[in-house]
């Protein structure tokens, strides 16, 4: 049987491995490490939980033992799909390289650029990063990848699911073509195969297990629930999840509950906490410090149930997980393999429950087709009845009582009703009648004409006249479109309307100004006709300019 001491690793690395308690490498480690130490490209395909992280970190530390890092130019690069997996790889590097002088930097989101820039400026031997944050540093001019000697792509199929393949291609082009590439994945999709054919040269393919297989140490159980409305089905699934966790009792030392959506992660975690379970959520929308705190609590045992999205489905090494619950059937069948792979690790026994409804039949069929066997069906614990109204469900419309007389629906949230007594209804009707009786009676048109009108009323009358004219014009246009009024008749009517408006304005002005103003005619005052011209013998030189003008002013 092969041991780590037979793999030609650096003695300092062997010492660190021995201190962790490992003596025998896993199949992927035993086959990949010798080829990696020879500088060959490696394409490793193995199911999750088989020790892929050590299969590239141990030879990488050995190969980087000679040499020195330069500022902003890392000597090796490890790409991970999620922050948690990147942080876990960094922890493994610290464990295996603690007897060496190699340096590392972790570039992930949720951490300030300033702290990461300081590490890069000092120079690092190993750079562990997520693709997005790595490209951010490159675009800012803070990082050069031309000195990368070894490049590792971990969980490549997860990169494909998260849409990182274009970023991976761009990063490959920024690194020298003489690099050594170690490429690891649990499944081999066509897009990943195209990527390996493009950027790997003479790669050694290592496949220690059939693709997309589940570990034999995991007991798989399928729980089928009846269908229904989405909200009722979700409430029933939460009730079934609580019943399953409670039925496992002390055998369930800790558990991971997987949901497809981040919103469902929060809802399920709150439901479990409300019913007395020690649970906490983890998903991509949470702050990085909160995510790491939650994971640390789950690792040290202070947290019993971890409710997670698929951010925790890949690569997280938590060896003592006893149970996995798929609250939602994964939409991608490969995710099922990764989810249940969180339990039954390192030879331990594990249990995986998957809760499905009739709406999940297409997902279930794809999963069973991928793993090449049907998932064993299970039953709910004794005492659990599907007929009971699940927590959080609402009453159907058909179950509502008929609305009583005087009852009206509330505008507030929910379907609560406000019931009113008949006496109150009668009193309200009486008040309305009194108010209507005392309301001011509108004046008739003749009353308005008899009394003098104020300025405001005259403006209102003009507005009403203009609105009436607008209505008439609109009706005329409609009739014109219908072919009922054409040519001269329309022009005549428009002229009549203009004359009517002028007459209305004259009437309005006559009311405003009082009696009509009569022209002067023959009644001109004498002083207006009097001449102001000077006699010729009185004209001075200064008056010569005005003389022609004054002469024109004299009457003929």
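Give the residue, chosen from 243, 247, 234, that is under 28 Å from the mean Cα position of the chain (by Cα) and either in a strand (DSSP E or B) or at pLDDT 90 or above (or both).
Values: 243 fails: under 28 Å from the mean Cα position of the chain (by Cα); 247 fails: under 28 Å from the mean Cα position of the chain (by Cα).
So the residue among 243, 247, 234 that is under 28 Å from the mean Cα position of the chain (by Cα) and either in a strand (DSSP E or B) or at pLDDT 90 or above (or both) is 234.
Only residues that are surrounded by fewer than 17 Cβ atoms within 10 Å (Cβ to Cβ) and touching a residue at least 60 places away in the same chain (Cβ under 8 Å): list them for segment 226-247, please. Reasoning before the result, please.
Step one: filter segment 226-247 for residues surrounded by fewer than 17 Cβ atoms within 10 Å (Cβ to Cβ), giving 226-227, 229-231, 243, 246-247.
Result: 226, 227, 231, 243, 246, 247.
Looking at segment 202-222, which of its residues are at pLDDT 90 or above and touching a strand residue (DSSP E or B) at 6+ places or on another chain (Cβ under 9 Å)? Working first, answer last.
Filtering segment 202-222 down to residues at pLDDT 90 or above leaves 202-206, 218-222.
If the condition is that a residue be at pLDDT 90 or above and touching a strand residue (DSSP E or B) at 6+ places or on another chain (Cβ under 9 Å), then 203, 204, 205, 206, 218, 219, 220, 221, 222 are the ones that fit.
Give, as residue ranges, the helices (runs of 4 or more DSSP H) completely inside segment 1-101 that count at least 3 residues that are touching a strand residue (DSSP E or B) at 6+ places or on another chain (Cβ under 6 Å) and within 26 Å of residue 157 (Cβ to Cβ).
On the way: elements: 11-20, 27-37, 52-63, 83-96.
Here the list reads 27-37, 52-63, 83-96.
Restricting to segment 368-402, count the residues that are at pLDDT below 80, surrounded by 10 or more Cβ atoms within 10 Å (Cβ to Cβ) and out of contact with any helix residue (DSSP H, G or I) (no Cβ under 9 Å at 6 or more places or on another chain).
Qualifying residue count for the region: 1.
Quick test for you: out of 268, 311, 257, pick the one residue that is touching a helix residue (DSSP H, G or I) at 6+ places or on another chain (Cβ under 7 Å), under 24 Å from residue 335 (Cβ atoms) and part of a strand (DSSP E or B).
Details: 268 fails: part of a strand (DSSP E or B); 311 fails: part of a strand (DSSP E or B).
Selected residue: 257, the only one of 268, 311, 257 that is touching a helix residue (DSSP H, G or I) at 6+ places or on another chain (Cβ under 7 Å), under 24 Å from residue 335 (Cβ atoms) and part of a strand (DSSP E or B).
Taking only segment 271-291 into account, find how many residues are without any contact (Cβ under 8 Å) to a residue 24 or more places away in the chain, over 20 Å from the mean Cα position of the chain (by Cα) and not in a helix (DSSP H, G or I). Show your work before the answer.
At the first step, the residues of segment 271-291 found to be without any contact (Cβ under 8 Å) to a residue 24 or more places away in the chain are 273-274, 276, 285-286, 290.
Cutting the leftovers down to over 20 Å from the mean Cα position of the chain (by Cα) gives us 273-274, 276.
Next, only the ones that are not in a helix (DSSP H, G or I) stay: 276.
Residues in segment 271-291 being without any contact (Cβ under 8 Å) to a residue 24 or more places away in the chain, over 20 Å from the mean Cα position of the chain (by Cα) and not in a helix (DSSP H, G or I): 1 in total.
Considering only residues of segment 329-350 that are surrounded by fewer than 21 Cβ atoms within 10 Å (Cβ to Cβ) and over 22 Å from residue 296 (Cα atoms), which is modelled with the lowest pLDDT?
Looking at residues that are surrounded by fewer than 21 Cβ atoms within 10 Å (Cβ to Cβ) and over 22 Å from residue 296 (Cα atoms), I get 347.
Given the conditions (1) at pLDDT 90 or above; (2) under 24 Å from residue 217 (Cα atoms), report the number of the one that residue 99 does not fulfil.
For residue 99, the exception is condition (2).
I want to confirm something. Restricting to segment 339-373 and keeping residues that are in a helix (DSSP H, G or I) and free of Cβ contacts under 8 Å to residues at least 24 places away in the same chain, which single residue is nearest to residue 323 (Cα to Cα)? Full working, then the answer.
Within segment 339-373, the subset in a helix (DSSP H, G or I) is 339-340, 358-371.
Narrowing the set further to residues that are free of Cβ contacts under 8 Å to residues at least 24 places away in the same chain leaves 361-362, 365, 368.
Details: 361: 23, 362: 25, 365: 23, 368: 20 Å.
Going through the qualifying residues, I end up with 368.
I need the full set of residues from segment 38-61 which are farther than 29 Å from residue 371 by Cα and touching a residue at least 24 places away in the same chain (Cβ under 8 Å), in order please. So that I can check it myself, show each step before the final result.
Applying the first criterion (farther than 29 Å from residue 371 by Cα) to segment 38-61 yields 38-40, 57-61.
Answer for segment 38-61, where residues must be farther than 29 Å from residue 371 by Cα and touching a residue at least 24 places away in the same chain (Cβ under 8 Å): 39, 40, 57, 58, 59, 60, 61.
Residue 14 passes all but one of (1) free of Cβ contacts under 8 Å to residues at least 24 places away in the same chain; (2) crowded, with 23+ Cβ neighbours inside 10 Å; which number fails?
With respect to (1) free of Cβ contacts under 8 Å to residues at least 24 places away in the same chain; (2) crowded, with 23+ Cβ neighbours inside 10 Å, residue 14 is out only on (2).
Among the numbered conditions (1) modelled with pLDDT of 95 or more; (2) under 32 Å from the mean Cα position of the chain (by Cα); (3) part of a loop (DSSP other than H, G, I, E, B), tell me where residue 109 comes up short.
Answer for residue 109: the failing condition is (1).
May I ask you to verify whether residue 155 is in the same structural domain as residue 71 (by TED's automatic domain parsing) and over 23 Å from residue 180 (Cα atoms)? Spell out the reasoning first.
On the way: in the same structural domain as residue 71 (by TED's automatic domain parsing): yes; over 23 Å from residue 180 (Cα atoms): no.
Spelling it out, it is not the case that residue 155 is in the same structural domain as residue 71 (by TED's automatic domain parsing) and over 23 Å from residue 180 (Cα atoms).
The values are calculated or read from the model by the stated rules, or taken from the named source; none is laboratory data. None of the values given here were measured: they were computed from a predicted structure. Every residue, glycine as well, gets a Cβ built from its backbone with ideal geometry; the counts of neighbours run over all protein chains shown.
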